[in-house]
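Trainee: My structure is below; once you've seen it, I'll send some questions.
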Amino acid sequence: MTAPIRPQPGILDIALYQGGASEIEGHAEPLKLSSNENPFGASPAAVAAMAGAAAQAHRYPPTDHGALRGAIAEVHGLDAARIICGVGSDEIIHLLCQAYAGPGDEVLYTEHGFGMYPIAAKAAGATPVQVAEVERHVDVDTLIGGITERTRLIFIANPANPCATMIDSEEMTRLADALPEQCLLILDGAYVEFADGYDGGKSLVEARENVVMTRTFSKAYGLGGLRVGYGYGPAHVIDTLNRIRGPFNLSGLALVGAEAAIRDVDWVARCIAINAQERARLSGGLRQLGIACDESFANFVLARFADEATADAADAHLKRDGIIVRAPKSYGLPQCLRITVGRPEDNDRVLAALGSFVGAA
């Protein structure tokens, strides 16, 4: 009798990733504030570029992503040779685990860290190890204390998702100084654009051989549906990742759209400026209602309620008003709701709905 067909160890332990909801029964066009998307959409220049490229959909895209890497390097002052592009930053996370972690190895991440870190670790056969945060903030001393001789990768989202908090560059440098030789530090910068004055780890990457940063076009650039991201790191790491990256992992449409989006610096700057204003207004409005939230450095706010039951009731109240937010229970935050910063009129609706919820309590 033949042995049963089984996947590699760890894969069946992966819980399916759940994205933000987009539908509410009884509401034809709900207000979706569950996935931290840019409420103003993609740059018109990016939309036009993709429309123009559609006629070439029968052609294979370039495998080296040269034009996009060049644009990223130009706009952000990076070395194009040290950039790798992927299907969202998620693919870069998977490639890093595939290349540098396996059975017997450990991948470190923090208590409320992004759900793709343990998924990618398990997919590679490695063991994900979670370390505690302090009041929803990454704690460097706890991370250092969690490092063992088996640790190969450490993932930190900065700004954090779903907490929207940050640690400063000095703390990040202190962590990098404490890494053993066999360990890579990965700085996940999906929300970097919204954190004024932060370079996403660029200076740390360029000063060391053991730090990689990742970025995405899904948030500030409004291209979540296109799935484009990139990594920036030491030449030896980027060379390794390119050896296992699919040669045609990004479509021609995605490459053209992302290049146009990153070059439209005025559009992105306007979106970021409005986000900063509305983020402050939304946070302040929540606090006036007695709903706690930490200072946010991203394009969302994590609202904290008295307990899980109150958070569930607030979520249900918002849904009745046609508003979808994210309940981050899978991130160990059952008493919270993550609310994307929307347009001014969107945030008015959220505050009005939560005001009526608090008033009725």
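Trainee: Tell me, what HN-Hα J-couplings in whole Hz come from the Karplus equation 6.51 cos²θ - 1.76 cosθ + 1.60 at θ = phi - 60° for each residue of segment 41-55, using x for Gly and Pro?
Mentor: In residue order, the calculated couplings are x, 7, 4, x, 5, 5, 4, 5, 5, 5, 4, x, 7, 4, 5 Hz.
Trainee: Counting only residues 5 or more places away or on other chains, whose amide H sits under 5 Å from the amide H of residue 300 once H atoms are built in the peptide plane?
Mentor: Amide H neighbours of residue 300, under 5 Å, 5+ apart: 341.
Trainee: Who wins for biggest fluctuation among 308, 181, 37 in a Gaussian network model of the chain, springs between alpha carbons below 10 Å?
Mentor: Among 308, 181, 37, the largest GNM mean-square fluctuation belongs to 181.
Trainee: Okay, moving on. Please turn the phi angles of segment 104-114 into ³J(HN,Hα) values with the Karplus equation 6.51 cos²θ - 1.76 cosθ + 1.60 (θ = phi - 60°), one per residue in order, whole Hz, x for glycine and proline.
Mentor: So the Karplus estimates, Gly and Pro as x, are x, 9, 10, 10, 8, 8, 9, 3, 10, x, 3 Hz.
Trainee: In addition: How big is the antiparallel share of DSSP beta bridges in segment 44-263, given as a percent to the nearest 5?
Mentor: Counting only bridges with both partners in segment 44-263, antiparallel ones make up about 35 percent.
Trainee: Further question on the same structure: For a test of the definition: using alpha carbon positions, the gyration tensor, and the 1.5 limit on a/c, classify segment 303-344 as rounded, prolate or oblate.
Mentor: oblate
Trainee: What number comes out for the charge environment of residue 359, summing +1 per Lys or Arg and -1 per Asp or Glu over other residues with Cβ under 15 Å away?
Mentor: With Lys, Arg at +1 and Asp, Glu at -1, the neighbours total 0.
Trainee: Next question. Where the Cα atoms of segment 36-110 are projected onto their three principal axes, how long is each span, largest first, in whole Å?
Mentor: Sorted largest first, the three principal extents are 49, 31, 29 Å.
Trainee: Sticking with this structure for a sec: Each residue of segment 229-238 in order: what ³J(HN,Hα) in whole Hz does its phi give by Karplus 6.51 cos²θ - 1.76 cosθ + 1.60, θ = phi - 60°, with x for Gly and Pro?
Mentor: Coupling constants for segment 229-238: x, 7, x, 9, x, x, 4, 5, 6, 4 Hz.
Trainee: Under a Cβ-Cβ cut-off of 13 Å, what is the net charge of the residues other than residue 346 that fall near it, where Lys and Arg count +1 and Asp and Glu count -1?
Mentor: -1
Trainee: Can you tell me the mean projection area, over all orientations, of the convex hull of the chain's alpha carbons? Units nm², please. Mind dumping the intermediate values first?
Mentor: Details: hull surface 83.0 nm².
It is 20.8 nm².
Trainee: Ranked highest first by the average count of other Cβ atoms within 10 Å around their residues, in what order do 258-269, 295-306 fall? Walk me through the intermediate numbers first.
Mentor: On the way: 258-269: 19.8, 295-306: 22.3.
The packing order, highest mean first, is 295-306, 258-269.
Trainee: Report, in deg cm²/dmol and to the nearest 500, the calculated mean residue ellipticity at 222 nm for the chain, where each DSSP H run with n ≥ 4 adds -39500 (n - 2.57) and the sum is divided by the residue count. If you can, show how the numbers build up before the last one.
Mentor: Values: 12 runs with 140 residues, N = 361.
Per the formula, -12000 deg cm²/dmol.
Trainee: So, one more: Most mobile of 311, 190, 327 per a Gaussian network model of the chain (Cα springs, under 10 Å)?
Mentor: The residue with the greatest mean-square fluctuation here is 311.
Trainee: Something else now. Based on other C-beta atoms within 10 Å, arrange 87, 205 from fewest to most.
Mentor: Going from sparsest to densest Cβ surroundings: 87, 205.
Trainee: List, largest first, the extents of the alpha carbons of segment 98-182 along their principal axes, each in whole Å.
Mentor: Principal-axis extents of segment 98-182 (Cα, largest first): 32, 26, 18 Å.
Trainee: Amide H of residue 184: which non-local residues (sequence gap of 5 or more, or other chain) have their own amide H closer than 5 Å, using H built in the peptide plane?
Mentor: When sequence neighbours closer than 5 places are left aside, the close amide H contacts are 153, 154.
Trainee: Tell me which residues come under 5 Å, amide H to amide H, from residue 10 once H is placed; ignore anything under 5 positions away on its chain.
Mentor: So residue 10 has HN proximity to no qualifying residue.
Trainee: In whole percent, what relative contact order does the chain give with Cα contacts below 8 Å and a gap of six or more residues?
Mentor: 24 percent
The numbers here are math on the coordinates, done by the rules we state, and not lab data. Nothing here was measured: the structure is a model prediction, and the numbers come from that model. We place every Cβ from the backbone using ideal geometry, glycine too, and count neighbours over all the protein chains shown.
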